[in-house]
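J.: Have a look at this one.
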Amino acid sequence: MKQATIIKYGHADEAFKIQESTPLSPKANEVQIEVEGFGLNYADVMARNGLYKEAPKLPFVPGYEVVGRVMKTGAEAPESLIGKRVVAFTRFGGYATEAVADYRALGVISEEISGGEACALATQYCTAYYMTHYFQQMRKGEIALVHACAGGVGTALTQLCHLKGVKVIGLCSSDEKMEYLKALKVAYPINYNQTDYKKWIIKHLGKRPVDHIFNAVAGNSFKIDLKLLGYGGKLFCFGGAARSGKKNNLLNDVSFLFKTGFVSPLFMMMKAQALIGVNMLRFADHKVEVIGTCLNELIQLYNDKKIAPKVGGAFPIEKLAEAHMALESGKSIGKIYVYW
C-alpha cells in the first residue's frame, strides 16, 4: 500500500513523501478499506505546519476521512459491509491507498455520489450537523453568524441553518466568495476585508442580535463575537485558523491565547449564554456513535436532496502539495478532495 507521509513540518512542497508501507489489518471493531480518495481539512494544514497539538509525532500519515470499498472486517464488525462503498472517519491515516476505520463511524453510500461530496459529508458536514441538529434545537427566525462561510464547514452550516429556517450572516474574504455566498442564499454576506462586520451587524440588525455563532478562527474574532452574541445565545468554537501562518513556538502560542481571551462562566451565566467547544476527534475517541449518527443522517439528507456539498477542487495524488496550498491560501471554496 502507498501512504502520503508528512516527514517534516513546513511548506507543502517539502513536507510530504509518497512511500510504500505494509498492509493494514483491522482490529475487532474496524473495517479495512481500499481507498479511492480522501478529503482535506484545515486541521491537516495545521498539522503539516506543526501547529496541531492532536497530531502524532513525525513522521505520520494525516487524514480524517476516506471514500472507498470495504475489503475486510474485524471480528466485531458486520461482514455484510464487505464490498460496500463507504465514507468513513479514519482519525489520521487517511492519506493512503488502504485505511482502517471503526465501523460505527462510517456510512454506506451509493455509486452516484462523488468522492469529494462524500468526504464533505464526513468531517465538515458532521461538524456542522453536530452543532446545528445534534447538540441543540435551532428555531425558525433566529440569526446565525458563520465565520469562513464559503469553506466546507461554512457551506454545510449555511445549508443546515436554512433547513431550520435560520437566517445566516456569512463572513468571507473576497468578492468571489461574496458571489458564492449570494448563490448559497446567505441572508447577510459580508467581506470582512472590506467591511467591519461588528459595526455592520450592529448598524443593520441592532445590539446583540445573533443567536448562534460558529467560529473556526478564534483570536481577536472571539472577543468581537462575544459582543454580538444575544442573550440566550450560543457561541461554538471549533477551530483556531488565526493561529495558522505563524511559526510553532511558545511566544506565538501565548500571543494567540491572549488574543482569544478568557471567559468567566459567571458572566456567561448572567447573559444566559453558552460557550461550546467542538472537537470531532474527541467524539472519535470517546463517543464514536455520535459521529456515526450524524454521518448517516447526513447521507439521508443528501439522498433526499436537502443538502448539496460543494467540491472546490479534485486533485490527483501527484498534486497533493498543490491541493494543500489551495486550502491553506484561504481562497478555496468548498471541499478539497485528493484521489489515487
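The values are calculated or read from the model by the stated rules, or taken from the named source; none is laboratory data. Bear in mind the structure is a predicted one, so any value in this text is a computation, not a measurement. Reconstructed Cβ throughout: ideal geometry from the backbone, glycine too, with neighbour counts over all protein chains shown.
J.: Scan the range 170-184 and give yes if some residue there is of a type in the set (A, V, I, L, M), touching a residue at least 60 places away in the same chain (Cβ under 8 Å) and either surrounded by fewer than 16 Cβ atoms within 10 Å (Cβ to Cβ) or in contact with a helix residue (DSSP H, G or I) (Cβ under 7 Å, 6 or more places away or on another chain) (or both), otherwise no.
T.: There is no residue in the range 170-184 that is of a type in the set (A, V, I, L, M), touching a residue at least 60 places away in the same chain (Cβ under 8 Å) and either surrounded by fewer than 16 Cβ atoms within 10 Å (Cβ to Cβ) or in contact with a helix residue (DSSP H, G or I) (Cβ under 7 Å, 6 or more places away or on another chain) (or both).
J.: For the range 298-321, what are the residues that are in contact (Cβ under 8 Å) with a residue 40 or more places away in the chain, surrounded by fewer than 17 Cβ atoms within 10 Å (Cβ to Cβ) and in a helix (DSSP H, G or I)?
T.: Residue satisfying the conditions is Asn303 alone.
J.: So in the range 84-113, with the set limited to residues that are in contact (Cβ under 8 Å) with a residue 60 or more places away in the chain and among the polar types (S, T, N, Q), which one is surrounded by the most Cβ atoms within 10 Å (Cβ to Cβ)?
T.: The extreme case among them is Thr97.
J.: Return yes or no: is Ala28 surrounded by fewer than 18 Cβ atoms within 10 Å (Cβ to Cβ), modelled with pLDDT of 95 or more and not charged (D, E, K, R)?
T.: Criteria met by Ala28.
J.: Filter the range 114-151 for residues that are surrounded by fewer than 18 Cβ atoms within 10 Å (Cβ to Cβ) and hydrophobic (A, V, I, L, M, F, W, C) and give the result.
T.: Within the range 114-151, just Phe135 meets the criteria.
J.: Got at least one residue in the range 51-68 being over 25 Å from Lys319 (Cα atoms), out of contact with any helix residue (DSSP H, G or I) (no Cβ under 8 Å at 6 or more places or on another chain), at pLDDT 95 or above and surrounded by fewer than 23 Cβ atoms within 10 Å (Cβ to Cβ)?
T.: Scanning the range 51-68, I find no residue that is over 25 Å from Lys319 (Cα atoms), out of contact with any helix residue (DSSP H, G or I) (no Cβ under 8 Å at 6 or more places or on another chain), at pLDDT 95 or above and surrounded by fewer than 23 Cβ atoms within 10 Å (Cβ to Cβ), so the answer is no.
J.: Take the residues in the range 232-273 that are aromatic (Phe, Trp, Tyr) and not in a strand (DSSP E or B), then tell me which one is modelled with the lowest pLDDT.
T.: Phe258
J.: So which residues in the range 214-233 are closer than 18 Å to Met270 by Cβ and buried (at least 22 other Cβ atoms within 10 Å of the Cβ), if there are any at all?
T.: Scanning the range 214-233 gives Asp225, Leu229, Gly233.
J.: When you go through Ser80, Ser21 one by one, which is the residue that is surrounded by fewer than 22 Cβ atoms within 10 Å (Cβ to Cβ), without any contact (Cβ under 8 Å) to a residue 24 or more places away in the chain and either out of contact with any Phe, Trp or Tyr (no Cβ under 7 Å at 6 or more places or on another chain) or under 22 Å from Thr127 (Cβ atoms) (or both)?
T.: Answer to the check: Ser80.
J.: Anything in the range 123-180 that is small (Gly, Ala, Ser) and part of a strand (DSSP E or B)? List them, or say none.
T.: Ala144, Gly151, Gly170
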